[in-house]
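Asks: One structure is given below, represented as structure tokens, and several questions about it will come after.
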Amino acid sequence: MNNITLVVADDHPLLLDGLVNKLNEYNYKILATAENGARALEMIISLKPTIAILDEEMPLLTGFEVINKCKEKDIDTKFIILTSHKEKAFIYKAKKLNISGYIIKDEPFKEVHNCIQSVSKGEPYFSAIVKTVLDDEVSPQLQKMKLLSPSERTIIRLVGQGKSSKEIGEFLTLSYRTIEKHRSNIIDKLGLTKEKDILSIWAKENLELVL
């Protein structure tokens, strides 16, 4: 366990101190701590820890932004997100970034320990809550998205951004009638009910999946 080095970042000092204390009890080697994303990025680049444990919502840079910047620089550090967010948009983004671990803050510390051990061996670790969201919400929606053509994916992105059929038609140089037909086809492929504004609601809730 002593060969695993860590950088830990959270913008809440009490939570950060508590996490560090627990990690010390398990004899993990903590190279540095940070209370904002910019400082975390600086420490990861300079110290190159085995694993960085990051809160998602931090000042200056979010956890995801820190990870993106590290990947751009080909940093070998593995990343664990420790957050309160259980929403599928966050979990999908973590999956898309190929993040090694995702733990919810109100879970027991044992989950963090299990995650570190798994990630250090090259095995991704998502807590049971996160796996449930992935299996029951994210994966089924991604399977449905595969049924859409590239033009339908473009239309649904624009719908998710709040564009009307008229605005989408003007943007894509297609007729209003053609856009409405596409919208109807998309609703059928996604298995949505024919309710008013149902596609707009779905697109806004699942925008991360189509970006």
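Asks: So for the stretch 60-67 (the condition being assigned by TED's automatic domain parsing to the domain that holds Y28 and either exposed (fewer than 14 other Cβ atoms within 10 Å of the Cβ) or touching a Pro at 6+ places or on another chain (Cβ under 8 Å) (or both)), does at least one residue qualify? Outline the logic, then answer.
Replies: Going through the stretch 60-67, the residues assigned by TED's automatic domain parsing to the domain that holds Y28 turn out to be 60-67.
Narrowing the set further to residues that are either exposed (fewer than 14 other Cβ atoms within 10 Å of the Cβ) or touching a Pro at 6+ places or on another chain (Cβ under 8 Å) (or both) leaves none.
Checked the stretch 60-67: no residue is assigned by TED's automatic domain parsing to the domain that holds Y28 and either exposed (fewer than 14 other Cβ atoms within 10 Å of the Cβ) or touching a Pro at 6+ places or on another chain (Cβ under 8 Å) (or both).
Asks: Determine which member of the set L190, L158, L172 is outside the structural domain of A89 (by TED's automatic domain parsing), of a type outside the set (S, T, N, Q) and touching a Lys or Arg at 6+ places or on another chain (Cβ under 6 Å). Don't jump to the end; show me each part of the working.
Replies: Numbers: L158 fails: touching a Lys or Arg at 6+ places or on another chain (Cβ under 6 Å); L172 fails: touching a Lys or Arg at 6+ places or on another chain (Cβ under 6 Å).
One residue alone meets the criteria, L190.
Asks: Moving on. Determine whether N36 is touching a Pro at 6+ places or on another chain (Cβ under 9 Å) and closer than 21 Å to V130 by Cα. Give the derivation first.
Replies: On the way: touching a Pro at 6+ places or on another chain (Cβ under 9 Å): yes; closer than 21 Å to V130 by Cα: no.
Against the criterion (touching a Pro at 6+ places or on another chain (Cβ under 9 Å) and closer than 21 Å to V130 by Cα), N36 does not qualify.
Asks: Still on this structure, I have one more. Which residues, taken from the stretch 178-211, are in a loop (DSSP other than H, G, I, E, B) and touching a residue at least 60 places away in the same chain (Cβ under 8 Å)? Lay out the reasoning, then the answer.
Replies: Our first condition is that a residue be in a loop (DSSP other than H, G, I, E, B); within the stretch 178-211, this holds for 191-197, 206, 211.
Result: N206, single match.
Asks: If you don't mind, there's one more thing I want to ask. Can you tell me how many residues in the stretch 23-37 are charged (D, E, K, R) and within 25 Å of the chain's Cα centre (by Cα)? Before the answer, list the steps.
Replies: Filtering the stretch 23-37 down to residues charged (D, E, K, R) leaves 25, 29, 35.
Cutting the leftovers down to within 25 Å of the chain's Cα centre (by Cα) gives us 35.
Residues in the stretch 23-37 being charged (D, E, K, R) and within 25 Å of the chain's Cα centre (by Cα): 1 in total.
Asks: Sticking with this one: Based on what the data block shows, is L41 touching an Asp or Glu at 6+ places or on another chain (Cβ under 9 Å), surrounded by 17 or more Cβ atoms within 10 Å (Cβ to Cβ), closer than 20 Å to V119 by Cα and in contact (Cβ under 8 Å) with a residue 60 or more places away in the chain? Can you show your working first?
Replies: Values: touching an Asp or Glu at 6+ places or on another chain (Cβ under 9 Å): yes; surrounded by 17 or more Cβ atoms within 10 Å (Cβ to Cβ): yes; closer than 20 Å to V119 by Cα: yes; in contact (Cβ under 8 Å) with a residue 60 or more places away in the chain: no.
So L41 fails the test.
Asks: I would also like to ask the following. Can you tell me how many residues in the stretch 47-68 are modelled with pLDDT of 95 or more and of a type in the set (G, A, S)?
Replies: Total meeting the criteria: 1.
Asks: Can I ask one more? Please find, among L31, L23, the residue that is touching a Pro at 6+ places or on another chain (Cβ under 7 Å) and of a type in the set (A, V, I, L, M, F, W, C). So that I can check it myself, show each step before the final result.
Replies: On the way: L23 fails: touching a Pro at 6+ places or on another chain (Cβ under 7 Å).
Just one listed residue meets the conditions, L31.
Asks: In addition: Report, ordered by the first and then the second residue, all pairs with beta carbons closer than 8 Å, sequence separation of six or more or different chains, a first member in the stretch 54-80 that is touching a residue at least 60 places away in the same chain (Cβ under 8 Å), and a second member that is assigned to a helix (DSSP H, G or I) and surrounded by fewer than 22 Cβ atoms within 10 Å (Cβ to Cβ).
Replies: T77/C70
Asks: Which residue, of V159, V112, is in contact (Cβ under 8 Å) with a residue 24 or more places away in the chain, surrounded by 15 or more Cβ atoms within 10 Å (Cβ to Cβ), β-branched (V, I, T) and in contact with a strand residue (DSSP E or B) (Cβ under 6 Å, 6 or more places away or on another chain)? Explain how you work it out, then say what you get.
Replies: On the way: V159 fails: in contact with a strand residue (DSSP E or B) (Cβ under 6 Å, 6 or more places away or on another chain).
Just a single option satisfies the conditions, and that option is V112.
For (1) within 20 Å of A203 (Cα to Cα); (2) of a type in the set (S, T, Y); (3) surrounded by 15 or more Cβ atoms within 10 Å (Cβ to Cβ), each residue gets a yes or a no:
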site	(1), (2), (3)
P150	yes, no, no
I155	yes, no, yes
I168	yes, no, yes
S184	yes, yes, no
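Asks: Still on this model: Would you point out the residue of the stretch 116-165, among those that are among the hydroxyl-bearing types (S, T, Y) and within 21 Å of the chain's Cα centre (by Cα), that is nearest to E180 (Cα to Cα)? Steps first, answer last, please.
Replies: The initial filter retains those residues of the stretch 116-165 that are among the hydroxyl-bearing types (S, T, Y), namely 118, 120, 125, 127, 132, 139, 149, 151, 154, 164-165.
Filter once more, keeping what is within 21 Å of the chain's Cα centre (by Cα): 118, 120, 125, 127, 132, 139.
Numbers: S118: 48, S120: 50, Y125: 42, S127: 41, T132: 35, S139: 27 Å.
Only one residue tops the list, namely S139.
Asks: Can you tell me which residue among I129, I81, I45, I75 is in contact with a strand residue (DSSP E or B) (Cβ under 6 Å, 6 or more places away or on another chain) and within 28 Å of N3 (Cβ to Cβ)?
Replies: Values: I129 fails: within 28 Å of N3 (Cβ to Cβ); I45 fails: in contact with a strand residue (DSSP E or B) (Cβ under 6 Å, 6 or more places away or on another chain); I75 fails: in contact with a strand residue (DSSP E or B) (Cβ under 6 Å, 6 or more places away or on another chain).
Result of the check over I129, I81, I45, I75: I81.
Asks: OK, next. Collect the residues in the stretch 71-106 that are assigned to a loop (DSSP other than H, G, I, E, B), farther than 21 Å from L209 by Cα and either of a type in the set (G, A, S) or in contact with a helix residue (DSSP H, G or I) (Cβ under 7 Å, 6 or more places away or on another chain) (or both), keeping them in residue-number order.
Replies: K73, I75, T77
The values are calculated or read from the model by the stated rules, or taken from the named source; none is laboratory data. Please read these numbers as outputs of a predicted model, since none were measured by experiment. Here Cβ is always computed from backbone atoms with ideal geometry, including for glycine, and neighbour counts include all displayed protein chains.
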